[in-house]
Amino acid sequence: MGTWDTGPFDNDSAADFADDLDDAKLEDREALIRGILTRTVDATGWLTEGEQAVAAAALIAAQCPDGAPIDTPYGPEQPMPAFPGDLRTLADTALARIISDQAGAASNWVDPEDWKQWQANLNRLRAVLAPPPPSIPLFDGER
């Protein structure tokens with residue numbers, strides 16, 4: 001397993017996942033992303049697809065307000081479909097699971113000196129993916 005930086009596609013597993021997405025039909029890409037995220041959320045023990053889940057979450061975040069575009073030669077080259085809103089919550093849950101696994105597989109994905117930067121990148125993704133708080137209606141007479 002090779003990791004060369006702290007971005008969501010800066011490792012062999014995520015780059016291979018990007019290739020899988022490029023090879024899939026447009027209408028099948030959402031299912032691939034949903035599957036990776038669901039398996040990560042439901043995983044017990046070792047997070048075997050966590051690196052791909054981070055990449056999937058970044059693709060979803062890219063479609064959210066304030067989301068950063070995927071601008072890396074290791075990400076997918078083909079366009080992604082418009083993702084449904086429920087994938088935001090699933091991606092956020094998957095990232096929470098990955099971040100909480102400091103002693104597990106996630107600790108092997110980046111060099112120890114890069115851990116804080118990698119974790120900050122995941123927290124930024126989570127901030128974009130988190131749904132906005134519900135608006136509180138004003139009572140009569142309030143502005």
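See the values below:
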read-out	value
Length released on extending from Thr48 to Trp4, taking residue separation times 0.36 nm less the Cα-Cα span	14.0 nm
At R0 = 30 Å, FRET efficiency that the Cβ-Cβ distance of Glu77 and Trp115 yields, to 0.05	0.50
Pairwise centroid distance, computed over Cα atoms, of region 20-50 with region 55-83, Å	14
Dimensions (Å) - the chain, Cα atoms, principal axes, largest first	61, 36, 29
Diffusion coefficient, µm² s⁻¹, Stokes-Einstein with Kirkwood Rh over alpha-carbon pairs of region 29-69 at 10 °C and 1.306 mPa s	149
Approximate spin-label separation Ala130-Arg39, in nm, with each point projected 7 Å along Cα-to-Cβ	2.9
Hull shadow area, averaged, region 1-85 [alpha-carbon convex hull, nm²]	5.7
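Each value in this text was obtained by applying a stated rule to the coordinates, not by laboratory testing. Just so you know, these numbers come straight off a predicted model, no measurement behind them. A quick note on method: Cβ atoms are made from the backbone with ideal geometry, for glycine too, and the neighbour counts reach across all protein chains shown.
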